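Encoded as structure tokens, the structure appears first; notes follow it.
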Amino acid sequence: MTAVERRLGDGSLARIEPDPYVAGAMQLLLDGTPQSHVNPEAPSDLFFEYVRRMGHVIDAVREPGAPITALHLGGGAFTLPRYIEATRPGSQQQVIELNGDLIDFVREHLPLPRRASLRVRRGDAREKLSSLPKGLLGAVDVVVVDVFSGAQTPAHLTSTEFYRELEPFLAPQGVVLVNAADGQSQRFARSQAATLESVWKNVIALAEPQVLKGRRFGNVVLVAGLTNAFPLHRLMAAGPHPAKLLEGEDMRRYIAGAQAVTDTTAEASPPPPDALFGSGR
């Protein structure tokens, strides 16, 4: 497949292009910023480090291969929905994506598996929660929060009030996965950890060690709602490496001084440095 691009209704430029290093894989970019990486022929292959970490959490939610119920806030090229369908056939999945033009573009050039039980809803991730089927209440095994407007997570999807709206959907053993992109200060990621902890007491962080230390910009995967039986050791063993998992006292030190944010104090995530994506931005 050759590269294709389309100017979307919001003025952004979407582009799907082959990955020059991974045969058969494609990447989705919005205004030059990488959004998703998928391999239609091998959807269980996850390329971005933070997405692989999320995939390992999903692997541990239930016994291998067992179907789950998943709710994805943010669609992109549907990397994790494809992964769940490939590794847990028969799973029930809901995706909420704001950009309808992007959905059409991706589905035209990177079609979703026909057999997948996957419902895609168009609209704001928070506003659409109230229109989800009532049968999802107390039934969702994994909620993935990976929403970006451009290169930033919108403020209204980072607050205590927002996370409390997600809480009723979680199954007793369910988890919430949040992608928090941050850099030198880790102020945003730390505040997100504190915000999640104000709703779910058990929160961990997974990332490359230099990111957690604030030495470079990157993605911190925050996981909330974990039970004591959750196999944390498997997450560390699974990589990608180098990796660090913060829990317990380490997590408390990471959060120290950070405050949970509300709808009135929440801010969008920091933009990545201009040099991060090179001239493509």
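The values are calculated or read from the model by the stated rules, or taken from the named source; none is laboratory data. As the structure is a prediction and not an experimental result, all values here were calculated from the model. Every residue, glycine among them, receives a Cβ derived from its backbone with ideal geometry; neighbour counts consider all protein chains shown. We work out accessible area using only protein heavy atoms, side chains counted, and drop any ligands, DNA or RNA first. Shrake-Rupley method; radii C 1.70, N 1.55, O 1.52, S 1.80 Å.
Couple of notes before you dig in:
- Residue among 38, 22 that alone is of a type in the set (A, V, I, L, M, F, W, C) and more than 25 Å from residue 178 (Cα to Cα): 22
- So residue 67, is it surrounded by 14 or more Cβ atoms within 10 Å (Cβ to Cβ), over 19 Å from the mean Cα position of the chain (by Cα) and closer than 30 Å to residue 211 by Cα: no
- Boolean, residue 224 is within 26 Å of residue 45 (Cα to Cα) and among the aliphatic types (A, V, I, L, M): yes
Let's see how each residue does on (1) modelled with pLDDT of 95 or more; (2) among the acidic types (Asp, Glu):
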{"residue": "202", "(1), (2)": "no, no"}
{"residue": "224", "(1), (2)": "yes, no"}
{"residue": "234", "(1), (2)": "no, no"}
{"residue": "239", "(1), (2)": "no, no"}
{"residue": "250", "(1), (2)": "yes, yes"}
{"residue": "269", "(1), (2)": "yes, no"}
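- Filtering region 7-60 to residues that are outside any loop (DSSP other than H, G, I, E, B), more than 27 Å from residue 210 (Cα to Cα) and open to solvent by less than 30 Å² (accessible area, probe 1.4 Å) leaves 14, 16, 26.
- Failed item, numbered, when residue 38 is tested on (1) modelled with pLDDT of 95 or more; (2) more than 20 Å from residue 81 (Cα to Cα); (3) in contact with a helix residue (DSSP H, G or I) (Cβ under 6 Å, 6 or more places away or on another chain): (2)
So that you can scan it fast, the table gives a plain yes or no per residue for (1) open to solvent by less than 20 Å² (accessible area, probe 1.4 Å); (2) over 24 Å from residue 35 (Cβ atoms); (3) small (Gly, Ala, Ser):
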residue: 157; (1), (2), (3): yes, no, no
residue: 178; (1), (2), (3): yes, no, no
residue: 188; (1), (2), (3): no, no, no
residue: 256; (1), (2), (3): no, yes, yes
residue: 265; (1), (2), (3): no, yes, no
residue: 269; (1), (2), (3): yes, no, yes
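- Of the residues screened, residue 182 is not one that is of a type in the set (D, E, K, R) and in contact with a Lys or Arg (Cβ under 7 Å, 6 or more places away or on another chain).
- Counting the residues of region 127-155 that are open to solvent by 30 Å² or more (accessible area, probe 1.4 Å) and closer than 17 Å to residue 223 by Cβ gives 1.
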